[in-house]
Amino acid sequence: MSETRYPGPSGHPGLAAFPPKERWDDWKELDSKAWPQRRERRYLLVPTTCFNCESACGLLAYVDRDTLQVRKLEGNPEHPGSRGRNCAKGPATLNQIHDPERILHPLKREGKRGEGKWKRVSWDEALADIAARIAGSLDRNRPNEVMYHVGRPGEDGYTERVLAAWGVDGHNSHTNICSSSARAGYQFWMGLDRPSPDHAGAELILLISAHLESGHYFNPHAQRVMEAKQRGAKLVVFDVRLSNTATHADHWLAPYPGSEAAILLSIARHLIETKGYDREFVRRFWNWREYLRVCRPGEPETFAGFERALADLYAEYTFEFAAQESGVDAAAIEEVAKLVAKAGTRLSTHTWRSATAGNLGGWQVARCLFLLNALTGAVATPGGTFPNAWNKFVPRPIHTPPHPHTWNDLTWPQEFPLSMNELSFLLPHFLKEGRGTLSVYFSRVYNPVWTNPDGFTWIEQLSDESKVGLHVALTPTWSETAYFADYVLPVGLGSERHDTHSYETHDAQWLGFRQPVLKEARQRLGEKVGDTRHVNPGEVWEENEFWIELSWRIDPDGRRGIRKHFESKANPGAKLTVDEYYAWMFENSVPGLPEKAAAEGLTPLQYMRRNGAFEIRRGTGALHAQEVDRDELQDTVTDDLGRVFTKAPKPASANIVPVPTPDGDAMGRRLAGIDVDGKVLRGFPTPSGRLEFFSRTLHDWGWAEAAIPTYLKSHVHPENLQPGEMPLIPTFRLPVQIHTRSANAKWLDEIAHTNPVWMHPQDAERLGGIRTGDLVRVETRIGHFVVKAWVTEGIRPGVVACSHHMGRWKLDGGPGQRQMMATVALLRDGARQVLTRLRDVTPFASDDPDTSRVWWTDAGVHQNLTFPVQPDPVSGMHCWHQAVRVTKARPGDAHGDVEVDADRAHAAYKDWLQRTRPAREHSPDGTRRPYWLLRPLKPAREVFALPKA
Ligand code: SF4
């Protein structure tokens with residue numbers, strides 16, 4: 001039998017980049033550390049999925065056959081998204097596994113929250129306590145007092161189903177401090193909240209960074225961007241800093257923060273003025289008729305009329321206007337506009353975080369960026385940008401619990417009816433002003449005290465047992481939030497847990513499988529292994545098993561109706577096993593997998609355990625232009641906007657090919673597609689079935705002035721700054737770090753362990769001759785922090801920037817990662833809250849000799865503590881950019897000092913709430929939120945109705 005040969009990244013046919021998979025059960029190679037001796041080591045190679053960012057790249061664990069320990073992790077060549085390649089954070093999973101300070105056993109608080117005293121307890125004790133409290137909340141009919149707050153999900157829907165089974169609307173995420181504004185921009189256009197750019201096929205790649213260099217799709221996108229560049233494609237990057245991505249750009253534009261939409265609209269105007277857009281695409285797939293009907297009543301509903309309106313709408317966005325707003329030369333913008341026009345349908349674009357996450361109205365940046373795709377017809381074309389769901393696959397699970405019959409106002413408050421995700425970062429302010437309390441709060445792979453803005457208010461509320469009855473931190477590593485928990489429960493890393501995962505890395509659909517590699521290795525060697533605690537370090541447990549066990553304990557006799565969702569189908573009445581969960585999924589809801597597995601003599605589960613990923617289809621193409629099958633068209637009605645409603649049920653293939661899902665008509669028909677020139681095409685999952693240039697949703701819910709792609713002035717627009725203020729950009733990542741979890745990866749810490757504030761030489765001079773390494777004081781509107789300066793021409797003048805990836809801290813005498821956490825003291829004096837650094841990072845003795853070789857002392861500065869909450873009134877996204885004053889440090893200031901005024905922090909929260917347009921006053925139909933908008937863990941329809949006033 002011939003062996004699988006994986007060519008190297010250059011495609012060189014003579015060089016194999018990876019071990020042939022036929023030899024993964026017994027792979028031999030020389031031990032590099034034994035050199036000059038030739039010591040052969042034998043490995044079992046077990047695939048899994050990286051858990052260090054959301055890209056879900058494939059990893060291959062090298063399990064030593066003699067010691068049954070993981071000795072290294074490399075790329076999995078069988079993974080269609082990452083194709084064997086990883087960023088530095090993938091292989092560094094090894095450091096996390098062997099971190100001498102990782103949490104290995106369940107811990108229970110002793111003393112007060114935050115005192116840093118812990119005792120080891122059994123899983124059994126922890127489970128019994130947590131289950132009893134959850135059961136108590138359910139029995140008191142207070143389901144919304146149970147909340148699960150997730151940072152890095154690393155899975156597609158498992159835990160949402162757990163919460164649905166419990167009947168709680170308790171899902172809370174980090175998304176409103178991350179990507180909600182980008183999501184909003186995309187969802188209002190196409191009904192799906194993420195883009196999937198086909199970079200590899202593009203002629204022009206336009207990125208509103210920082211994402212490529214900073215972790216989001218870092219590796220799968222980066223490798224495809226570079227492939228395109230090697231072919232001759234051009235790369236345009238908007239970034240206020242010379243980011244890693246910008247260094248690779250053909251055109252680097254460094255606009256004033258928040259002005260990105262003005263530039264994009266000037267490019268759109270150029271396309272419209274020069275008739276350089278795809279008129280047929282616009283005519284067929286935009287909801288232009290609806291725009292004319294609502295916004296220009298009385299005018300004839302003709303496409304020619306719409307084209308005149310389009311030219312009129314964007315006439316003011318000249319290159320000169322864009323230059324004035326952005327500070328970028330008009331000629332440079334015009335040059336980019338011509339490249340966009342030339343690229344046509346091969347224009348791939350992407351934005352995530354960055355400008356969308358930084359600015360008030362940032363969601364319009366995504367909306368204006370996608371306008372360029374929608375104008376050029378570069379939507380779901382080779383080299384264009386796809387709706388994400390077309391390049392992603394989420395399989396059906398063995399049990400699907402019903403939607404919860406409850407609505408949680410602590411996460412979905414009435415002020416934000418169009419919010420893309422939970423108003424997670426406002427939670428402590430909601431608790432503070434008495435909107436509710438929590439009986440059980442799970443923080444799971446999430447660190448809001450450190451990651452969120454205004455962390456002192458988190459500390460205040462998490463310390464208050466009358467507000468948060470029980471805090472359970474599910475975490476693989478110590479975090480600033482875990483210090484304020486009652487239980488700290490160790491959960492698995494990417495090589496210690498099961499999950500399925502799929503991401504829109506390119507035009508294909510694939511499913512990745514994460515697995516506990518030591519369990520699989522032992523099973524391949526013929527051992528019978530119990531749950532993951534038997535193979536993971538210490539008592540580290542995977543969450544799949546934890547949630548099943550906890551759910552059984554909440555409902556031991558089944559009377560609460562929960563247990564049935566965690567029972568075996570093969571052995572009714574028995575506990576569901578993780579093996580059965582995934583075996584059922586792979587056998588029943590992943591098209592093509594059973595056949596592919598059978599061809600290799602494997603079951604679908606065995607196939608996934610051996611390969612780690614499965615490609616379901618390649619090249620999904622323009623699904624919106626597909627004709628709807630005849631058997632889906634029964635008793636149809638077409639309305640005057642060209643929407644075709646059917647009485648036929650949703651096809652079984654609906655989880656592969658998203659079909660329009662919004663509301664049906666009054667006769668119970670569902671939206672099946674759109675009439676385009678006499679044919680019924682699938683269209684997009686929006687209320688109109690078309691791309692929504694005009695969002696009727698925004699219009700009807702109080703935001704008529706922002707219903708089309710437009711330019712909204714940021715809260716850091718020069719008009720909104722006070723004298724002496726300038727914008728601080730705090731949203732960029734460092735390429736080799738993750739938010740919290742990488743502090744226990746020694747290789748990554750050695751590379752990146754500081755976050756100086758970037759400052760242009762002109763500003764350094766203006767501020768009194770600041771030099772690199774000098775301490776500066778950065779004052780926000782609620783406090784200040786003290787940080788080192790880095791004077792560089794890699795940032796536009798008038799703006800400063802500081803990465804949010806640093807400033808980790810531990811409390812004196814308490815646990816933590818000493819290689820990357822400074823030791824601090826927290827002080828509170830009335831409203832004045834202070835974080836003072838007691839000790840820098842120092843070397844220390846441990847089982848790992850490398851910890852005594854730690855040579856760095858810095859751990860950066862925790863700037864997020866000094867940021868007030870700034871929720872965008874539409875998307876709900878925290879607007880990260882800050883208006884700051886920068887001065888030389890004062891006498892007595894020390895690196896890492898942080899001070900915040902709690903009263904000003906709460907006042908800022910109240911100020912920003914004033915910008916909202918609540919459902920109570922603006923809902924057009926008496927509901928809390930448009931039903932069609934995406935919502936994780938969507939509750940039952942009847943609870944969408946606003947409660948009686
Ligand atoms: S990009 Fe890096 S951190 Fe993210 S999943 Fe891939 S290897 Fe892991």
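The values are calculated or read from the model by the stated rules, or taken from the named source; none is laboratory data. No experiment lies behind these values; they were computed from the predicted model shown. As a convention, Cβ positions derive from the backbone with ideal geometry for all residues, glycine included, and neighbour counts pool all protein chains shown. Ligands, DNA and RNA are stripped out before the accessible areas are found, and what is left, the full protein with its side chains, is counted by its heavy atoms. Shrake-Rupley method; radii C 1.70, N 1.55, O 1.52, S 1.80 Å.
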**Complete:** Per the C-alpha gyration tensor (a ≥ b ≥ c, the square roots of its eigenvalues), the chain is rounded if a/c is under 1.5, else prolate if a/b beats b/c, else oblate; here it's rounded
**Asked** Points 7 angstrom from Cα along the Cβ direction at Glu115 and Thr836: gap in nanometres?
**Response** 2.2
**Request:** Would you mind working out the magnitude of the charge dipole of the chain relative to its Cα centre, with +1 at each Lys and Arg C-beta and -1 at each Asp and Glu C-beta, to the nearest 20 Debye?
**Result:** 920
**Asked** Taking only protein heavy atoms and a 1.4 Å probe, what accessible area per residue, in Å², does segment 762-868 have with all protein chains in place?
**Response** 39
**Straight-distance crosslink candidates among lysines, where the alpha carbon sits under 17 Å from Lys888 and sequence neighbours closer than 8 are dropped** = Lys788
**Request:** Measure off 7 Å from each Cα along the Cα-to-Cβ vector at Thr887 and Glu600, then give the distance between these two points in nanometres to one decimal.
**Result:** 6.5
**Request:** Please work out the FRET efficiency for the pair Thr577 and Asp925, using the Cβ-Cβ distance as r and a Förster radius of 41 Å; give the result to the nearest 0.05.
**Result:** 0.35
**Prompt:** So for the chain: antiparallel DSSP bridges make up what percent, rounded to the nearest 5?
**Reply:** 65
**Request:** Grab the beta carbon distance between Arg38 and Glu3, set R0 = 22 Å, and tell me the FRET efficiency rounded to 0.05.
**Result:** 0.40
**Request:** For segment 743-799, state which GluC sites (Glu not before Pro) are in a DSSP loop and have at most 11 other beta carbons lying within 10 Å of their beta carbon.
**Result:** Glu793
**Item:** Relative packing of peptides 70-81, 153-164 - highest average C-beta neighbours within 10 Å first
**Value:** 70-81, 153-164
**Prompt:** Using r as the Cβ-Cβ distance of Thr67 and Lys528, and R0 as 30 Å, what FRET efficiency do you calculate, to the nearest 0.05?
**Reply:** 0.90
**Request:** Whenever you get a sec, line up Lys234, Lys432 from highest to lowest accessible area (probe 1.4 Å, protein heavy atoms).
**Result:** Lys234, Lys432
**Item:** Gain in span if fully extended, Asp312 to Cys295, counting 0.36 nm per residue against the direct Cα distance
**Value:** 4.8 nm
**Fill in**
Quick calc, segment 178-302, dipole around Cα centre from Cβ unit charges on Lys, Arg (+) and Asp, Glu (-), nearest 20 debye, gives 180
**Asked** Which residues' amide hydrogens lie under 5 Å from the amide hydrogen of Gly75, considering only partners 5 or more residues apart or on another chain, with H built in the peptide plane?
**Response** Leu60
**Request:** At 0.36 nm per residue, minus the direct Cα-Cα distance, what do Thr406 and Ala949 gain on full extension? Give it in nm, one decimal, please.
**Result:** 193.8 nm
**Asked** Do the alpha carbons of any pairs in Lys338/Lys650; Lys275/Lys679; Lys229/Lys519 sit beyond 32 Å of each other, and which pairs?
**Response** Lys338/Lys650; Lys229/Lys519
**Asked** Taking a ≥ b ≥ c as the square roots of the eigenvalues of the Cα gyration tensor of segment 378-461, is the shape rounded (a/c under 1.5), prolate (a/b larger than b/c) or oblate?
**Response** prolate
**Rounded Å value of the spacing that divides the Cα centres of segment 477-554 and segment 327-367** = 40
**Request:** Please sort 243-255, 572-584 by packing, taking for each peptide the average over its residues of neighbouring beta carbons within 10 angstrom, highest first.
**Result:** 243-255, 572-584
**Request:** Multiply the residue separation of Ser568 and Arg283 by 0.36 nm, subtract the distance between their alpha-carbon atoms, and state the gained length in nm to one decimal.
**Result:** 97.4 nm
**Complete:** Rounded to the nearest 500, the 222 nm mean residue ellipticity computed for the chain from DSSP H runs (n ≥ 4, each -39500 (n - 2.57)) alone is -7000 deg cm²/dmol
**Prompt:** lysines within cross-link reach of Lys432: Cα-Cα under 19 Å, excluding same-chain residues under 8 positions apart?
**Reply:** Lys467, Lys910
**Message:** Once you place label points 7 Å from the Cα toward the Cβ at Ala907 and Thr302, how far apart are they in nm?
**Reply:** 5.9
**Prompt:** Taking Cα centroids, how far is segment 692-770 from segment 795-813 in Å?
**Reply:** 12
**Prolate/oblate/rounded call for segment 197-284, Cα gyration tensor, a/c under 1.5 rounded** = oblate
**For peptides 501-512, 403-414, sequence by mean Cβ density within 10 Å, most packed first** = 501-512, 403-414
**Karplus (6.51, -1.76, 1.60) ³J(HN,Hα), θ = phi - 60°, over segment 476-487, in Hz, Gly and Pro reported as x** = x, 8, 5, 9, 4, 6, 4, 4, 10, 9, 9, 10
**Item:** Accessible surface, 1.4 Å probe, highest first, among residues Lys564, Lys467
**Value:** Lys564, Lys467
**Prompt:** For the chain, what % of the accessible area comes from carbon and sulfur atoms, probe 1.4 Å?
**Reply:** 49
**Prompt:** Got a sec to turn the phi values of segment 379-396 into Karplus ³J(HN,Hα) couplings, 6.51 cos²θ - 1.76 cosθ + 1.60 with θ = phi - 60°, whole Hz, x for Gly and Pro?
**Reply:** 10, 6, 10, x, x, x, 10, 9, x, 4, 5, 6, 10, 8, 9, 10, x, 6
